[in-house]
Amino acid sequence: MNTHFIEVTNGWNWGKFMLARFDADEWNRRSSVGDLDTPLLREVGWSPEHLLVWDLQTGEGAIFRPGGYAKADLDKHAVWVCPMFQPFLAWLYAQDVSDITKLPHLVELTETAAPSAMYGYRRPGPLTQDEEQLLGDLGYGGVL
């Protein structure tokens with residue numbers, strides 16, 4: 001993997017992140033079980049545009065394809081994040097990430113772009129079908 005570390009601050013909070021992109025050897029690795037003609041990473045749905053974004057403070061992260069909507073993409077994952085993760089991901093999505101090593105090592109965001117918070121939190125993640133059914137049965141219609 002090719003990695004790059006970025007620290008993010010809004011003057012109060014301090015986020016520490018690692019970006020990682022699979023290297024050529026990893027892209028060429030074949031599955032030992034599945035389709036032996038297809039590289040493993042492609043077989044499971046990843047593309048060269050995807051990045052692993054890791055919160056070094058919480059020790060959690062996920063693989064994202066920059067260019068989408070950061071909040072929606074984070075809502076797909078139930079990861080524990082520092083207060084700077086979502087604002088950082090939104091900033092990252094607006095950058096040219098073709099070469100992550102060209103990104104700055106320090107990003108300073110405004111309080112408007114990254115409101116201060118005292119604690120990190122676990123993203124709730126999407127509801128399972130059973131949870132949606134239960135909420136519907138309780139009259140919530142799948143919405144809390």
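The values are calculated or read from the model by the stated rules, or taken from the named source; none is laboratory data. Everything quoted here is computed from the prediction, not taken from an experiment. Because the Cβ atoms are built from the backbone with ideal geometry, glycine has one as well, and the counts that use them run over all protein chains shown.
Taking the condition of being surrounded by 15 or more Cβ atoms within 10 Å (Cβ to Cβ), assigned to a helix (DSSP H, G or I) and not acidic (Asp, Glu), how many residues in segment 71-93 meet it?
First, pick out the residues of segment 71-93 that are surrounded by 15 or more Cβ atoms within 10 Å (Cβ to Cβ): 73-74, 77, 79-93.
Then keep just the ones that are assigned to a helix (DSSP H, G or I); that gives 73-74, 85-93.
Filter again for not acidic (Asp, Glu), leaving 74, 85-93.
Of the residues in segment 71-93, 10 are surrounded by 15 or more Cβ atoms within 10 Å (Cβ to Cβ), assigned to a helix (DSSP H, G or I) and not acidic (Asp, Glu).
Condition first: surrounded by 12 or more Cβ atoms within 10 Å (Cβ to Cβ) and in contact with an Asp or Glu (Cβ under 7 Å, 6 or more places away or on another chain). Now tell me which residues in segment 24-65 satisfy that.
Matches in segment 24-65: Ser31, Leu41, Glu43, Gly61, Phe64, Arg65.
Let's see how each residue does on (1) closer than 30 Å to Gly34 by Cβ; (2) free of Cβ contacts under 8 Å to residues at least 24 places away in the same chain; (3) of a type in the set (Phe, Trp, Tyr):
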{"site": "Phe64", "(1), (2), (3)": "yes, no, yes"}
{"site": "Ala70", "(1), (2), (3)": "no, yes, no"}
{"site": "His77", "(1), (2), (3)": "yes, no, no"}
{"site": "Trp80", "(1), (2), (3)": "no, no, yes"}
{"site": "Pro83", "(1), (2), (3)": "no, no, no"}
{"site": "Trp91", "(1), (2), (3)": "no, no, yes"}
{"site": "Val97", "(1), (2), (3)": "yes, no, no"}
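Would you tally the residues in segment 1-52 being at pLDDT below 95 and of a type in the set (Val, Ile, Thr)?
Total meeting the criteria: 3.
Residues checked against (1) in a loop (DSSP other than H, G, I, E, B); (2) touching a Pro at 6+ places or on another chain (Cβ under 6 Å); (3) touching a residue at least 40 places away in the same chain (Cβ under 8 Å); (4) more than 30 Å from Val8 (Cβ to Cβ):
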{"site": "Glu26", "(1), (2), (3), (4)": "no, no, no, no"}
{"site": "Ser32", "(1), (2), (3), (4)": "yes, no, no, yes"}
{"site": "Asp35", "(1), (2), (3), (4)": "yes, no, no, yes"}
{"site": "Pro48", "(1), (2), (3), (4)": "yes, no, no, no"}
{"site": "Val53", "(1), (2), (3), (4)": "no, no, no, no"}
